[in-house]
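Here it is: the structure, laid out below.
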Amino acid sequence: MSAQHAFETTENTTRDGLVRSLSHRQMTMIGLGSALGTGLFLGSASAISTAGPAVVVSYLLGALLIAVIATALGEMTAVHPIRGSFGAIARQYLGPWAGFVARWSYWAGAVIAIGGEVMAAALYLRFWWPQLPLAATIVVLACALVIINLVSVRAFGVTEFWLSGIKVTALVVFLLAGALLVFVGVPDQPAIGFGHLTEHGGFLPQGPASVWVALAVVMFAFVGFETVSISAAETPDPVRSIRTSTRALVWRLALFYVLAVGLVVTLSPWQEVASSDGDVESSPFVRVFASLGVPAAASVTNVIVLVAALSAANANLYGASRLMHSLAHDGAAPAPLAVLSRRGVPVRALLVSASGLLIAATLAATDVGNVFTLLVALATFAVLIVWAIILATYLVFRRRRGNLPAEPGYLRLWGGSVTAWLGIAGLLGVVATAFVVPDMQKAAATGLVFVVVLLAAHGTTTRRRRPLSSDSTSESP
């Protein structure tokens with residue numbers, strides 16, 4: 001990754017004021033920045049405790065489902081690389097209610113996720129300086145993220161490029177080092193082999209159904225890939241960037257998650273990983289780096305998870321602010337939030353999103369009355385709603401476009417509508433875990449109430465339906 005690649009772009013402006021200055025490499029890293037969060041680096045203990053070594057199958061199934069959703073979204077975005085991404089496209093194909101619910105749901109979920117990541121980053125800093133006041137640290141980190149996003153979309157893209165690059169590099173090192181320990185070994189420690197996958201109750205210690213139940217946790221490890229399509233409105237060559245970024249994102253996410261989690265349950269007995277409390281010292285990264293003789297392995301790992309938290313928060317803040325700007329532009333949020341700065345940044349939408357993350361972070365730090373727990377449940381269901389709307393939109397999108405072959409260079413979902421229906425069935429399977437997973441029960445109950453509130457809010461507001469943005473690179477359906 002070179003600085004030249006990081007700045008590889010031709011800056012120009014869309015008719016609605018957004019600045020097209022993100023390269024396709026930056027778009028890929030933005031997607032990875034959102035989806036590669038702290039959970040992976042700290043061991044995914046919750047999913048492993050549910051399915052044991054078979055959690056690898058859960059991650060593989062999750063990766064396949066995300067590949068369907070991401071490719072369907074990429075195909076639509078390549079045709080309509082517009083402000084508001086999936087929300088604006090859903091508005092066009094399913095109706096204003098769908099655009100309203102999709103964008104508000106994703107915005108709420110993103111703000112909650114950002115708050116959690118910022119609070120996590122503050123806690124990671126206290127690993128070195130325990131005396132740091134948590135509230136003040138959260139405010140400082142939040143201000144830093146806002147400043148990065150306020151400067152320009154180019155500044156955000158470059159920052160996220162390097163933050164995500166650090167995460168990806170750390171993951172690659174972990175995969176190589178873990179493979180060395182499994183297949184070769186190191187001095188004074190023979191090769192570990194694959195015994196841990198079967199010696200502690202078998203590969204399916206909790207039974208075949210555990211693979212399905214673990215999906216309730218696994219699916220949300222991939223949340224954030226949607227920012228690739230959100231950023232399409234701010235890249236000079238949307239068609240090429242969407243095609244390249246979506247394909248790269250899909251296989252990299254699958255590779256990183258499946259291999260990383262596979263190594264975790266291969267290097268240690270699954271019960272040992274499942275019983276970890278998720279702190280830095282218990283991270284599998286610490287064990288691997290310590291086995292290789294890396295000095296201060298815990299500190300090195302803490303740097304990685306700190307960068308992971310800040311990168312995820314940074315990318316999600318970008319996505320949240322763009323969706324809020326899109327809502328305001330369509331009359332589904334206060335009109336002043338649609339205002340752009342001279343550099344094409346939706347400043348007011350960004351500040352509102354940042355205010356939300358500070359509230360979420362404060363609740364996460366105090367969890368007064370378990371409010372943040374309820375917010376996490378809300379975010380969980382919100383993501384499922386957005387994914388379902390994306391696939392439903394795709395079905396209408398393909399029906400209206402008929403069986404016309406894809407234009408040269410455009411992304412296309414293999415299997416078309418049939419694959420999209422399979423994706424919807426997969427999402428319903430995840431929702432069905434609410435019958436056996438307490439957290440999913442809470443998510444379904446909280447989320448359904450939230451959706452009803454959104455629909456009621458939409459129904460009580462009169463708005464004019466707008467066509468797709470005039471800067472789309474192809475015709476409207």
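Only helices (runs of 4 or more DSSP H) wholly contained in the range 1-93 count here; list those with 2 or more residues that are touching a Gly at 6+ places or on another chain (Cβ under 7 Å), modelled with pLDDT under 90 and open to solvent by less than 30 Å² (accessible area, probe 1.4 Å).
Output list reads 24-35.
Being open to solvent by 10 Å² or more (accessible area, probe 1.4 Å), touching a residue at least 40 places away in the same chain (Cβ under 8 Å) and not in a helix (DSSP H, G or I) narrows it down to one residue among Gly331, Gly356; which is it?
Gly331 is the lone residue from the list that is open to solvent by 10 Å² or more (accessible area, probe 1.4 Å), touching a residue at least 40 places away in the same chain (Cβ under 8 Å) and not in a helix (DSSP H, G or I).
Are any residues in the range 369-397 at pLDDT below 80 and among the aromatic types (Phe, Trp, Tyr), and if so, which ones?
Phe372
Among the numbered criteria (1) crowded, with 20+ Cβ neighbours inside 10 Å; (2) at pLDDT 85 or above, which single criterion is violated by Val449?
For Val449, the failing item is (1).
Would you confirm whether any residue within the range 158-176 is among the β-branched types (Val, Ile, Thr), touching an Asp or Glu at 6+ places or on another chain (Cβ under 7 Å) and under 30 Å from Thr362 (Cβ atoms)?
No: zero hits.
Going through Gly224, Gly201 one at a time, which residue ends up being at positive phi and crowded, with 16+ Cβ neighbours inside 10 Å?
Step by step, each of Gly224, Gly201 is checked, and only Gly224 is at positive phi and crowded, with 16+ Cβ neighbours inside 10 Å.
Would you check if Val182 is among the β-branched types (Val, Ile, Thr) and buried (at least 16 other Cβ atoms within 10 Å of the Cβ)?
Taking the combined requirement at face value, the residue satisfies it.
Looking at (1) touching a Gly at 6+ places or on another chain (Cβ under 6 Å); (2) assigned to a loop (DSSP other than H, G, I, E, B), which is the only condition Gly202 fails?
Going through (1) touching a Gly at 6+ places or on another chain (Cβ under 6 Å); (2) assigned to a loop (DSSP other than H, G, I, E, B) one by one, Gly202 breaks only (1).
Somewhere in the range 263-275, is a residue at pLDDT 80 or above and outside any helix (DSSP H, G or I)?
Yes, the range 263-275 contains a residue that is at pLDDT 80 or above and outside any helix (DSSP H, G or I).
Exactly one condition in (1) open to solvent by less than 50 Å² (accessible area, probe 1.4 Å); (2) not in a loop (DSSP other than H, G, I, E, B) is not met by Arg154; state its number.
Every listed condition holds for Arg154 apart from (1).
Among the residues in the range 403-426, are any modelled with pLDDT under 75, open to solvent by 20 Å² or more (accessible area, probe 1.4 Å) and among the acidic types (Asp, Glu)?
The answer is yes; a qualifying residue exists.
Would you check if there is a residue in the range 202-215 being over 23 Å from the mean Cα position of the chain (by Cα) and hydroxyl-bearing (Ser, Thr, Tyr)?
Within the range 202-215 (the criterion being over 23 Å from the mean Cα position of the chain (by Cα) and hydroxyl-bearing (Ser, Thr, Tyr)), the answer is yes, since at least one residue qualifies.
Within the range 70-88, which residues are hydrophobic (A, V, I, L, M, F, W, C) and over 17 Å from Met27 (Cβ atoms)?
Ala72, Ala88
Then there's this: Among the residues of the range 247-259, is there at least one that is farther than 20 Å from Ser164 by Cβ and modelled with pLDDT of 85 or more?
The answer is no, given that none of the residues of the range 247-259 is farther than 20 Å from Ser164 by Cβ and modelled with pLDDT of 85 or more.
The values are calculated or read from the model by the stated rules, or taken from the named source; none is laboratory data. Worth saying up front: this structure is predicted, and the values here are computed from it rather than measured. Here Cβ is always computed from backbone atoms with ideal geometry, including for glycine, and neighbour counts include all displayed protein chains. Just the protein is used for accessible areas: all its heavy atoms, side chains included, with ligands, DNA and RNA removed. Shrake-Rupley method; radii C 1.70, N 1.55, O 1.52, S 1.80 Å.
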